[in-house]
Amino acid sequence: MNCKVCQSNKIRFYRKVNNYNLLKCKNCRVIFLENIDELIDSQNFYNEDYFENYLYESELNFEQIKNTAKYYLTYIQKNFGVVQSVLDVGAGFGLFVKAFRELGLKAEGVEISKYSAKTALEKFKVELFNDELIKYPSNEKFDLICFYHSFEHLPDPVSYITKASELLSNRGILWLSLPNVMSLDRFLNKDKWNGWSLPYHLFHYSPSSIRKLLLITGFNKIKIQKSFLNPLRLIRRNDGARNLEISGSINYSRLKEIVRLPATLIFTGQNMNVFALKK
């Protein structure tokens, strides 16, 4: 067996999580699920049952999704250059595509699930390319291609990044958002870490292993942002309800700023946002 990232045959058993065996490459240090190809062939992962749990939450949080898209678009344009077109890979219900369009970009999406692509069109009026990224027409070029919490689901990372590079315009930008397997959160929660999400997450990357993958596939100017635990999420729910009401005499925004600095010093990033430039 060879590593799907670096082709090394130096593979060892890493650990068992929820009855799934995880392996680790001793060369690039990526962690991955054993027997990925057999597992993918034998299970229909992304069916209606998988996605319907996310539909209600997605509808509630569209403004949050749009704000996320706006925040990272601003960061990307400040650090890498102007973005006029974007391709979202693993687009789900197409809400990132919808958000980017509302922000004035030409935006398209790729989604392998028939149920999800159908829902995107019927409910949100977003038409997605309903197939593998590998089959996306090569004549189209994009300034930005993003994998927002979809890359860890992909069985052949090098092939997908190579195809993304092919679809990027000259000096195009790649954006990956994914769990950080080297986070403190993972070490504290051990087998209960949400980032394992087995068997759906096939690969588990650290900052060093994702950097190695991008260098192998011809990207440079790699920047990695780590997102940190926000302690206020423990007392304020995203759905608008609050577990604990904060007194009107306390300015919530000010409290958030006070908490943010020590939080970022104490907690290693749970997730990574990785940006890279096509050579």
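The values are calculated or read from the model by the stated rules, or taken from the named source; none is laboratory data. Keep in mind that what you see is a predicted model, and the values were worked out from it rather than measured. Heads up, the Cβs are rebuilt from the backbone with ideal geometry, glycines too, and the neighbour counts pull from every protein chain shown.
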**Request:** Pull up region 149-170, narrow it to residues that are at pLDDT 95 or above and either assigned to a strand (DSSP E or B) or touching an Asp or Glu at 6+ places or on another chain (Cβ under 6 Å) (or both), then point me to the one that is nearest to S113 (Cα to Cα).
**Result:** L168
**Asked** Looking at F203, is it at pLDDT below 90, buried (at least 18 other Cβ atoms within 10 Å of the Cβ), touching a Phe, Trp or Tyr at 6+ places or on another chain (Cβ under 7 Å) and within 20 Å of H149 (Cβ to Cβ)?
**Response** no
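Within region 101-129, can you find the residues that are of a type in the set (D, E) and crowded, with 19+ Cβ neighbours inside 10 Å?
Those that are of a type in the set (D, E) and crowded, with 19+ Cβ neighbours inside 10 Å: E108, E111.
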**Prompt:** Taking region 10-25, which residues are more than 16 Å from P199 (Cβ to Cβ) and surrounded by 11 or more Cβ atoms within 10 Å (Cβ to Cβ)?
**Reply:** K10, I11, K24, C25
**Item:** Sole exception among (1) over 18 Å from the mean Cα position of the chain (by Cα); (2) at pLDDT 95 or above for F124, by number
**Value:** (2)
**Request:** Looking only at region 19-32, decide whether some residue is touching a Gly at 6+ places or on another chain (Cβ under 9 Å) and either closer than 18 Å to V158 by Cβ or assigned to a loop (DSSP other than H, G, I, E, B) (or both).
**Result:** no
**Message:** So, in region 59-94, exactly how many residues are touching a helix residue (DSSP H, G or I) at 6+ places or on another chain (Cβ under 9 Å) and surrounded by 20 or more Cβ atoms within 10 Å (Cβ to Cβ)?
**Reply:** 12
